[in-house]
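Below: one structure, written as structure tokens.
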Amino acid sequence: MEITVKYGKDGCQRANIPEKNLIGVYYPMDVESGPADETISRSIDNPIGYESLAQFLEGGKDVVFIVNDATRPTPTAQVLDALSKRMDLRDARYIIATGTHRDMTPGEYEFVFGRHLDYIRDRIIAHDAKESECVYLGESKNGTPMEVNRIAVEADRLVIITSVEPHYFAGYTGGRKSFLPGVASYRTIEANHKMAMRMEAQSLALEGNPVHEDMMDALKAVEGKEIFSIQMVLDRHHKIHRAFSGDLNAAFAAAVEVANKVFLVPVPEKADLVISVAPYPMDVDLYQSQKALDNGKWALKDGGKILMVSMCREGIGSETFLKQLSTSDDPRKILENLGMEYKLGYHKAAKMAEISLWGEMWAVTGLDPELLRKANIRPFGSVADAVDEVLSENPDARILVLAEGSVTIPKVM
């Protein structure tokens, strides 16, 4: 049977897998999604915890929106389409929740803001974790110094536009994540992400997850702040399946419940080879594409191989984690080294080294093969080559494909 998976923005990879070997090709669950404008409008006009958006905005002298950058599939432009019928978009400013990511390219600005870009261009601020002025709000219970962009802290009305899907150490994206790490200082993000080294920090986990708890503490530091959120759950085609507006935490909880029905996918067994794809735009670099590896691990047998498929269009993303993965060919030694100190990015190395404790990491990317080998990732020129290698070693190998591995959590039933 020939399988086809996405590779880059418009490309694909193909491989022939005998039917006896193929467990299945899995996507987020199929769900019905109506017209985007209707879904968003219905949500905005029936907010949780507020009478209306108009009532929320009434009297606001400094309205600030926090929006995701282009590494997320959040359909911000479609939300702005709906909002433009309810307010003058120039009455607000817009902070891009870049966290520690780079500023966006001109094309990415167009993707995020759509037809509204020229109208509000001078109202847009790209958060810079190292350079933007941040306000100290105290420490979290875990000792994280809470430093957040002054513009967000001093706004008298905050509107957060985001999407909710599983996240490999925060449990889920969305909600509080727009605040921390979205518009936090580098020092704050580094302290928060250090807790991702702990086993409790996993996909789908909220209760007892120290990273999530830290993010919630950041919100408590601005308790009393007027915040209105618009949080969406997308389907496998990146169309808006459901949207929840109003109170940040209540809308987030409602979105998480729906997200579980979309992104948690039952599979019948674990596999000898898991092919996990990071599709565009989540294939921007190795740093972001790692999420496909982490999600795929839940379907991997002991001694199995996990093949990440990602163009990694802009390279590595951060050399810090890759250098750590290259310090030894023994994952136990890597984890031991990582435990001695922490720098932002080490959590990526830790999560990848954990996989190497029971399986092998393979990859099809646009990166230098030698760079991958040094990091204990075996490079392949194509998905077909990797499949042929597995079947040559074990003609009875069981193979499972996560066609959108960055956001699909396989659960063995």
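The table below gives the values:
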item: Phi to ³J(HN,Hα) by Karplus 6.51 cos²θ - 1.76 cosθ + 1.60 over the stretch 223-237, Hz, x for Gly, Pro; result: 4, x, 5, 6, 10, 10, 10, 10, 10, 10, 10, 9, 8, 5, 9
item: For Cys134, distant residues with modelled amide H under 5 Å away; result: Arg150
item: Equivalent ellipsoid semi-axes, the stretch 36-262, via Cα gyration tensor eigenvalues times 5, rooted, Å; result: 25, 20, 17
item: Scaled radius of gyration (Cα, divided by 2.2 N^0.38 Å) that the stretch 345-413 gives; result: 1.23
item: Expected 222 nm ellipticity per residue - DSSP helices of 4 or more, -39500 (n - 2.57), all of the chain, to 500; result: -8500 deg cm²/dmol
item: Interchain or long-range residues, amide H under 5 Å from Lys305's placed H; result: Leu273, Val274, Glu360
item: Cross-link reach list, lysines versus Lys220, counting only Cα pairs under 30 Å and skipping chain neighbours closer than eight places; result: Lys61, Lys130, Lys141, Lys177, Lys194, Lys261, Lys291, Lys343, Lys348, Lys351
item: In the stretch 144-210, GluC sites (Glu not before Pro) in a DSSP loop with at most 16 other beta-carbon atoms within 10 Å; result: Glu200, Glu207
item: Spatial separation of Cα centroids for the stretch 393-409 and the stretch 78-146, in angstrom; result: 36 Å
item: Derived scalar couplings ³J(HN,Hα) [the stretch 114-130; Karplus, 6.51 cos²θ - 1.76 cosθ + 1.60; whole Hz; x for Gly, Pro]; result: x, 5, 8, 4, 5, 5, 10, 3, 6, 9, 9, 10, 8, 5, 10, 4, 9
item: Sparsely packed trypsin sites (Lys or Arg not before Pro) within the stretch 359-407, loop by DSSP, other Cβ within 10 Å at most 11; result: none
item: 19 Å cut-off, amide nitrogen to a point 7 angstrom out along Leu264 Cα→Cβ, residues in the stretch 13-38; result: 26-32
item: Neighbour-limited loop hits for trypsin sites (Lys or Arg not before Pro), the stretch 1-57 (at most 12 other Cβ within 10 Å; DSSP other than H, G, I, E, B); result: Lys9, Lys20
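Readers should treat all values here as calculations from the given coordinates under stated rules, not as data from a laboratory. Nothing here was measured: the structure is a model prediction, and the numbers come from that model. FYI the Cβ positions are ideal-geometry reconstructions off the backbone, even for glycines, and counts take in every protein chain you see.
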